[in-house]
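**Student:** Below is a structure I'd like to ask you about.
The values are calculated or read from the model by the stated rules, or taken from the named source; none is laboratory data. This structure is a prediction, so every number in the text was calculated from the model and none was measured. Ideal geometry is used to build each Cβ from the backbone, glycine not excepted, and the neighbour counts take in all protein chains shown.
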Amino acid sequence: MVKSEDGSCTAYSSEFGEHYHSTKDGALTESLHKHVIPAFSCFEEAESLRILDICFGLGFNTLTTLYHLRHSGMNKRVEIVSPELDEPLVHSLKYFSYPEAFAAFAPVITAVSETGLYEDEHFRIEVLFGDARALLPTLEQPFDIIYQDAFSPEHNPVLWTKEYFAELARLTHAHSVVTTYSTALRTRLALYENGFNVYLNKGEGYRNATVACKGALQRFEKVDMPHKIKCNPDVECLKDND
Ligand SMILES: C[S@@+](CC[C@H](N)C(=O)[O-])C[C@H]1O[C@@H](n2cnc3c(N)ncnc32)[C@H](O)[C@@H]1O
């Protein structure tokens with residue numbers, strides 16, 4: 001366990017050789033500003049939302065979603081589906097030192113940690129234990145929001161390839177929003193080549209991130225992908241065969 005810059009704790013994975021969150025931005029800050037707030041800003045009127053949280057990890061994106069809903073007074077029914085390879089990690093989360101902001105969600109943390117499932121009248125959270133690459137093709141219904149929060153392309157390339165993003169494209173509709181901390185051109189290219197428009201998520205107190213949507217998003221600055229590709233003619237996205 002490591003204390004990140006905003007005071008919230010994250011962890012280091014010796015298997016993947018990387019922290020679960022940016023220690024510079026902070027676990028809670030990263031989750032809130034790179035995923036939850038930008039995604040929900042596109043769905044202010046929606047009464048219910050389906051979210052794919054890739055991958056569950058320490059559960060920050062899921063718990064920050066509950067926190068944001070509560071603190072912004074939004075009354076929405078939210079269903080979160082989250083693949084996670086590391087089942088023992090999830091079972092250990094009831095002992096994790098979460099920020100005070102998550103105190104109200106202790107029953108959620110306990111239920112998800114013990115059973116992988118939590119449900120009440122507002123939320124349904126289900127962790128799907130296993131390999132996301134095997135699990136995603138078994139899912140049918142589209143998601144409104146996808147938090148693309150795998151370890152980095154350098155450390156976990158199978159969750160950043162063109163074929164992987166094709167699977168995300170299959171699981172989205174015209175207005176679905178994909179959020180990711182990655183600003184790498186090859187990540188953005190994999191999104192673009194699968195029919196997504198790419199947008200810059202920029203703000204105070206966190207490093208730049210990316211938002212993508214097949215349709216148009218007015219509130220984000222569009223990345224001029226044809227121009228970026230022209231300036232970087234050798235750029236290629238990661239492929240499953242690499
Ligand atoms: C950066 S962490 C996710 C952090 C998480 N979103 C959070 O907010 O705490 C990446 C997670 O992906 C999981 N993972 C890596 N490869 C996976 C795969 N192929 N399928 C499912 N989960 C995977 C790791 O076990 C790890 O928990």
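**Student:** Looking only at residues that are of a type in the set (A, V, I, L, M) and within 18 Å of the chain's Cα centre (by Cα) in segment 1-47, which one is farthest from GLY205 (Cα to Cα)?
**Tutor:** Taking the candidates together, the pick is ALA11.
**Student:** Only residues that are part of a helix (DSSP H, G or I) and either under 28 Å from ASN156 (Cβ atoms) or among the basic types (Lys, Arg) (or both): list them for segment 212-239, please.
**Tutor:** MET225, LYS228, ILE229, LYS230, CYS231
**Student:** Taking the condition within 11 Å of the ligand (Cβ to nearest atom), over 18 Å from the mean Cα position of the chain (by Cα) and not polar (S, T, N, Q), does PHE105 pass?
**Tutor:** No; evaluated as a whole, the condition is false for this residue.
**Student:** Cβ contacts < 7 Å: first residue touching a residue at least 24 places away in the same chain (Cβ under 8 Å) and under 20 Å from LEU217 (Cβ atoms), restricted to segment 11-40; second residue near the ligand (Cβ under 10 Å from one of its atoms) and in a loop (DSSP other than H, G, I, E, B), any location; separation 6+ or different chain. Result?
**Tutor:** Pairs that qualify, where the first residue is touching a residue at least 24 places away in the same chain (Cβ under 8 Å) and under 20 Å from LEU217 (Cβ atoms) and the partner is near the ligand (Cβ under 10 Å from one of its atoms) and in a loop (DSSP other than H, G, I, E, B), are LYS34/TYR181; HIS35/ASP149.
**Student:** Just checking, does segment 139-161 include any residue being more than 12 Å from the ligand (Cβ to nearest atom), farther than 22 Å from PHE43 by Cβ and not in a loop (DSSP other than H, G, I, E, B)?
**Tutor:** no
**Student:** Filter segment 112-148 for residues that are among the basic types (Lys, Arg) and under 15 Å from LEU49 (Cα atoms) and give the result.
**Tutor:** If the condition is that a residue be among the basic types (Lys, Arg) and under 15 Å from LEU49 (Cα atoms), then ARG124 is the only one that fits.
**Student:** Look at VAL81 and say whether it is crowded, with 18+ Cβ neighbours inside 10 Å, in contact with a helix residue (DSSP H, G or I) (Cβ under 8 Å, 6 or more places away or on another chain) and over 16 Å from PHE151 (Cα atoms).
**Tutor:** Here the answer is no, as VAL81 does not meet what is asked.
**Student:** Here's a follow-up. In segment 66-78, which residues are buried (at least 18 other Cβ atoms within 10 Å of the Cβ) and assigned to a loop (DSSP other than H, G, I, E, B)?
**Tutor:** Matches in segment 66-78: none.
**Student:** Right, next: Any residue at all in segment 118-133 that is near the ligand (Cβ under 8 Å from one of its atoms), at pLDDT 95 or above, in a helix (DSSP H, G or I) and of a type in the set (Gly, Ala, Ser)?
**Tutor:** Yes, because at least one residue in segment 118-133 is near the ligand (Cβ under 8 Å from one of its atoms), at pLDDT 95 or above, in a helix (DSSP H, G or I) and of a type in the set (Gly, Ala, Ser).
**Student:** Still on this structure, please answer the following. Say whether the condition of being crowded, with 19+ Cβ neighbours inside 10 Å and over 30 Å from ARG188 (Cα atoms) is met by at least one residue in segment 117-127.
**Tutor:** Taking every residue of segment 117-127 in turn, at least one turns out to be crowded, with 19+ Cβ neighbours inside 10 Å and over 30 Å from ARG188 (Cα atoms).
**Student:** Test of understanding: among SER82, SER97, SER92, which residue is within 14 Å of the ligand (Cβ to nearest atom) and part of a loop (DSSP other than H, G, I, E, B)?
**Tutor:** SER97
**Student:** Give the residue that is farthest from the ligand (Cβ to nearest atom), with candidates limited to residues of segment 16-67 that are of a type in the set (Lys, Arg) and at pLDDT 95 or above.
**Tutor:** By that ranking, first place goes to ARG50.
**Student:** Mind counting the residues in segment 23-38 that are touching a Ser or Thr at 6+ places or on another chain (Cβ under 7 Å) and either in a helix (DSSP H, G or I) or polar (S, T, N, Q) (or both)?
**Tutor:** So the count comes out to 10.
**Student:** Next up: Say whether the condition of being part of a strand (DSSP E or B) and touching a residue at least 40 places away in the same chain (Cβ under 8 Å) is met by at least one residue in segment 54-65.
**Tutor:** So far as segment 54-65 goes, yes, one or more of its residues are part of a strand (DSSP E or B) and touching a residue at least 40 places away in the same chain (Cβ under 8 Å).
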